[in-house]
Every structure is written in structure tokens, then in C-alpha cells.
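Contents: one structure, followed by commentary.
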Amino acid sequence: MSDGLAFLHRRPLLLLVVGGLALGVVLWAAGASTALAVTAFVVVGAVIVDAAVDMVRDLMAGRWGLDVLAAIAMIATLAVGEYVAGLIIALMLTGGETLEAWAVGRASRELDALLTRAPVFAQRIDPRTGDTEQVPVEEVAVGDELLVRSSEILPVDGTLLSPRAVIDESSVTGEPLPVTYAEGAALLSGTINGTTTFRMRAERSAGDSQYATIVGLVRAAVESRAPIVRLADRYAIPFTVVSLLIAAVAAYVSGDAVRFAEVLVVATPCPLLIAAPVAFMGGMSSAARLNVIIKDGGVLEVLARVRSVAFDKTGTLTQGRPAVVGIRPAAGRAPDEVLRLAASAEQHSVHVFAQPIVDVALRDGVDLCPVTSAEEVATHGVEVLLGDGSRVRVGKPSFIEDAVGALHRADLAPGETAVYVSTDDTFAGVIVLSDPVRPQAAETVARMRAAGVEQVVMVTGDVASTARSIAGELGVTEVHAETTPQMKVDIVGSLAPRPTLMVGDGINDAPVLAAADAGIAMAGRGATAASESASAVVTSDDISRVADAMEVSRRTVAVALQAIWLGIAISIVLMLVAAFGYLPAVVGALLQEVVDLVAIVWALRALAIHRGITARTVAEPAGEHRRAGV
């Protein structure tokens, strides 16, 4: 069975109505009025019952559905003997639902594309024989050595073992050009190998890999019900009252009960029911094309109205790839000793500053100390107990001061930050790191202000001097530094005007991302708890996509509202024409079908919103949004 036939086979009520209308037209032409009446009562009655069930469900959920007008119109046509018009209205309702399903499927095609590209198999290398076997991607274990052939999708996140690889990351990070990596580089699942076969080591299972997280977010987005229906429902009661009033006045003045049915035939509000949800699915699709996964259609409504924005610093406004630029030991200490203590502790931390310190120690051949226990204190630092019994702390100055007393804060250049180190009750030294600002960050803040955002703040766990330095570069005047996750929640909760948007990337950002009116997680280089609690996720390593998401949202809501008002305006015009007796019921019903198609086509404009944004990005200087390769 073809996809089209299968699609229709799942809609028996539509098939009943189509058959009933065809038979009704034949009976009407033949003058078989009794048979026509029986046919209309059976077919239209079935549609009325189905609509009544839906209306009851809506009322029980606290919603007044717009399709109540269609039900009243069908009852009226049966009452006055306008059987063909009643059958056409029934087709409009059932056909409208079918058109909605088709249009939503069309609008969500870009979201579905990510699902269909999920890796399925992997080529695993047997460590004993060196032979390669194809295994389901779910069987790949951490540490397995894999072979990735030309044009294959990388099955899991891993580390490159071959000297060189050229990877197309456009589907995951949004990078338009292939990226060249050297041995030891981290590779993302879901990206595509170029022309050269290479070996890699699996660092995560398929379920924990980057692409699996993106697929899960997309699946949630596809399955979500676009809450724009609530927006259309706001017009349900006034539109119903106006329609019934026009119909009642027309019938009373004319003295003709048929006039009541003629007015309500063109009052059936299918454009409001169909076009608005289609527009929102189109907006979600446009966002997906820009590497922004929006989990629920209602997020678009919030993003379109955002007036206050809070940014995390590290990994959000900065690149999140800090490098060690200096070691400042305390008096009597050697730089290698400070590095050894810090790296020994940081190997047990998930903070973005931890791995660069460990990497430098390993690169310089520094032997790490054995650790017997470790505890990470969220947003403060990490404390470990070494094998010799000494206790080492690494983290913020306030965290170190709890152990050693007051400290002299290190003098830092713009963009630099410091990690303090102590052993027992003695200050050991400072490791200085630099995390450059993202090249698109200042432009993103400026675009938000131009779009109507009144307040932009920074909330970060980093020290105040570093935070203010970064904020100054970006034009952000309000800075909240050295904050805990609870403090971030309190700060963002107090922001005004609302709605508020929080943008972050780390595990410590998860609570505030969930607490804000809308939360956007930067997850371009790996999945964290942030992406699970956020309303939307930027899957590319590009902060400007946050402003893009807001622009898509504003344009989508505009298209949806245009579709709603288009439906209302045309319906009212047709009702007035029918009220004066110039629009027979059958003709009015046929015109309403045309209005449905016009409204849906208008709503599908949301599918193309991303094109203007993409065109602007391409027109920028080469490399402006390009992520550096190896």
C-alpha cells in the first residue's frame, strides 16, 4: 500500500464523508430528495457525533473549541433541508483535519530528517585478530576500536586514532565546511566521514553520545502538540458569539430560517483550527534547519515575547575551551608542584577548567598523585584526599579561603580567570587560564537589544573581576558573579520585565534553565544536564543561534496571528454577504473550502523563515562563524 493510500486508510470518517458527498450530489441531481436526506442524516450525523465527542473532551479540559460552530452549522443545514451544504461542511471538517496532518508532516520534515540519519551499525575491530565486524551500534562499548569508512556516519562519540580525518559536522554543529582533525581529537557521533578511512576509539556508548541526545530532543519536539491552538482558542468565544448573532439577526430580519444556516456555513472556523498549529510546526522546522531544537511549540510563543535575558559566561559567552596560560606558585613552591596538585584533584572534576589543567600536566610528563577520595563542591571547586594523607583543594578563591584564610586575589588580564590551589591549610599557588569570548557574542547581545530585549545580565559562578571583564567587552552592564545554582535561580526569577530567557551550557545551569520562562542550552560540543532541562537546545557551537531562535519565534508568531486574523476577516465578510441573502449555502460551503486552503498555504510560509537568516549568515565575511579545526 502506498503512503498516500495508507494515509487515507487511517481516516475512515473522511472516506465515509467523501463517499456520502459523491452519492449526495448524484441523488440531488436525480431529484431523489428522500434518499438524499437519509444519506445526509447518516453521514453528517456521524461527523456531528465525532465532533461532539471532541468538544466534550475540550470542555472537560477547560477549553472552548472553535469547531462548535461547525457542529451548529451542520445541525442547521439538516434542520432546513440544505443537505448538500451539510455534506460539504462535513467534508470541510474531516478534510481539514487531513490537511492539517499533511501540512504538519510537511512542516516537521526537517525534524524527522535527524531521526532518519541516526547511526545504526558500527565497524568494530577485534583487538586480537585485527579483523573488522559489523555490529549494531547499541553493542559498541566504551574503549572499542572502530573503523569508519568513507562517507559513513560516525556511530558514537570517540577519539581519533589515525593521524588525520576530515569530518562533515554540518548536521550536528552547523559548521558548513568539513573540519580537519589530527590524532587524539574528539569526534562526535552523527557526523560524516570524508573520503579517507580512519580508526577511532569509542568514548561513549551510543545511548550516551551526542547524536543520541539530539535525536531524543528532536523526537520530543516532533511528538509535542503545538500549543498555538490555545492562541486560536482565545478567539473562540467572541467569534462564536459574533457568528451566532449575525446568523440570528439575518434570520430574524429576513424571516427565513435558511438564512441562519447560510450564515453559519461560512462561519465555520477551520482556518483558525488548522493554520495556526501548522505555522508553529513550520517555525520549529525552520529552527531545526538553524541547528536549534525547540522541544515544544509553546516555547516559540515565549521566545517571541522575551524582554529579559540572562547569560552564563563560561562555555556560553566564552568559547568554553580554556587554555592554561600561566602558573603562579606561592613562595617556596615550584610550578610543577602546583600543577601536580591541581591536576591530581581536577581529574575528579567535571568543570570546564579541569581537563585543560590535567592535559597540561600529562603533556609535561608530570606524575599525578594517588587520590583516595574526592568530592566536588558544585560551583566552588573540588577537594581530594591524597594517598599521603594531605588534603588538596582546587577552585574559587573563596573556596580556598575557607581552608587557608584570606588571600590576595591574582591580577588578571581581560579574558583570563584563575584557579586557586591549596594543600591542607597552606596556599600553594594559582593557575591562570584564558577562555576567549565567542566572536558572535557581542553581535548576539546587540541583536537581542534591537529586537526589544530591555535587560541583559550575566550570571556566572566565576570570580567578579573576570566576569566584569568579559561583560565589558559585550556591552553587558549588570553582572552577578560567584553565584551558586540556587542564587542563579533567584536572580533570574527576580528579573523584570518578563518573560525571561536563560542561556547556559553547564550542569550547574540546569536548575536555572528549567526555572526561567524559557531556557536555551548551548550543547554544540557535548550533552549535559543543561540540554535536558532547557526549553530549546542549540546543537551547533554558535551563540548567534540564540538570537536566530528568537527571530524565528517572532516571525512564526506573526505568521500564526496573520493566519488567525485572515480566517476571521474572510469568515466575517462571507457571513455578511450571506446575511443579505447573496450566498447560497452550497456556494458558501465551497468557498469555505477555498479559504481553508488559502489559510494553510499562508501558514506554511513559516517553513521558509530560516532562509532569510541563513542568507544573512552566508553573506557575512568568510570565517566569521567558522569554528577552527586542527
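The single residue among 453, 463 that is over 16 Å from residue 513 (Cα atoms), crowded, with 17+ Cβ neighbours inside 10 Å and modelled with pLDDT of 90 or more turns out to be 453.
Residues in the range 515-530 that are surrounded by fewer than 24 Cβ atoms within 10 Å (Cβ to Cβ), modelled with pLDDT of 80 or more and assigned to a loop (DSSP other than H, G, I, E, B): 1 in all. If you go through the range 542-552 one residue at a time, do you hit one that is under 25 Å from residue 608 (Cβ atoms), at pLDDT below 90 and in the same structural domain as residue 492 (by TED's automatic domain parsing)? Scanning the range 542-552, I find at least one residue that is under 25 Å from residue 608 (Cβ atoms), at pLDDT below 90 and in the same structural domain as residue 492 (by TED's automatic domain parsing), so the answer is yes.
Out of the helices (runs of 4 or more DSSP H) lying entirely within the range 402-506, which hold 2 or more residues that are in contact with a Leu (Cβ under 7 Å, 6 or more places away or on another chain)?
441-450, 464-474
Restricted to helices (runs of 4 or more DSSP H) entirely inside the range 1-79, those with at least 3 residues that are of a type in the set (Gly, Ala, Ser) and modelled with pLDDT of 85 or more are 12-30, 33-60.
The listed residues are 512, 557, and the only one of them that is closer than 22 Å to residue 281 by Cβ and either modelled with pLDDT of 90 or more or among the β-branched types (Val, Ile, Thr) (or both) turns out to be 557. Taking each residue of the range 329-348 that is closer than 9 Å to residue 361 by Cβ and looking for partners that are of a type in the set (Phe, Trp, Tyr) with beta-carbon atoms closer than 9 Å, six or more apart or interchain, yields 346/353.
For (1) closer than 20 Å to residue 462 by Cβ; (2) surrounded by fewer than 19 Cβ atoms within 10 Å (Cβ to Cβ); (3) of a type outside the set (Val, Ile, Thr), each residue gets a yes or a no:
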residue: 276; (1), (2), (3): no, no, yes
residue: 302; (1), (2), (3): no, no, no
residue: 308; (1), (2), (3): no, no, yes
residue: 322; (1), (2), (3): yes, no, yes
residue: 328; (1), (2), (3): yes, yes, yes
residue: 346; (1), (2), (3): yes, no, yes
residue: 358; (1), (2), (3): yes, no, no
residue: 372; (1), (2), (3): no, yes, no
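Elements of the type strands (runs of 3 or more DSSP E) sitting completely within the range 252-352 and holding at least 1 residues that are small (Gly, Ala, Ser): these cover 308-311, 323-329. Checked against the criterion of being of a type outside the set (D, E, K, R), more than 23 Å from residue 549 (Cα to Cα), modelled with pLDDT under 95 and not assigned by TED's automatic domain parsing to the domain that holds residue 361, the range 493-501 has at least one qualifying residue.
Applying a threshold of 6 Å to beta carbon distances and a minimum spacing of six or more residues, or different chains, the list of pairs starting in the range 292-311 at a residue that is on the phi > 0 side of the Ramachandran plot and of a type outside the set (Phe, Trp, Tyr) and ending at one that is in a loop (DSSP other than H, G, I, E, B) and buried (at least 24 other Cβ atoms within 10 Å of the Cβ) is empty. Can you name the number of the only condition in (1) touching a strand residue (DSSP E or B) at 6+ places or on another chain (Cβ under 9 Å); (2) within 13 Å of residue 421 (Cβ to Cβ) that residue 350 fails? Among (1) touching a strand residue (DSSP E or B) at 6+ places or on another chain (Cβ under 9 Å); (2) within 13 Å of residue 421 (Cβ to Cβ), residue 350 violates only (2).
The values are calculated or read from the model by the stated rules, or taken from the named source; none is laboratory data. Computed from a predicted structure; not experimentally measured. Counting neighbours? That spans all protein chains shown, and the Cβs are built from the backbone with ideal geometry, glycine included.
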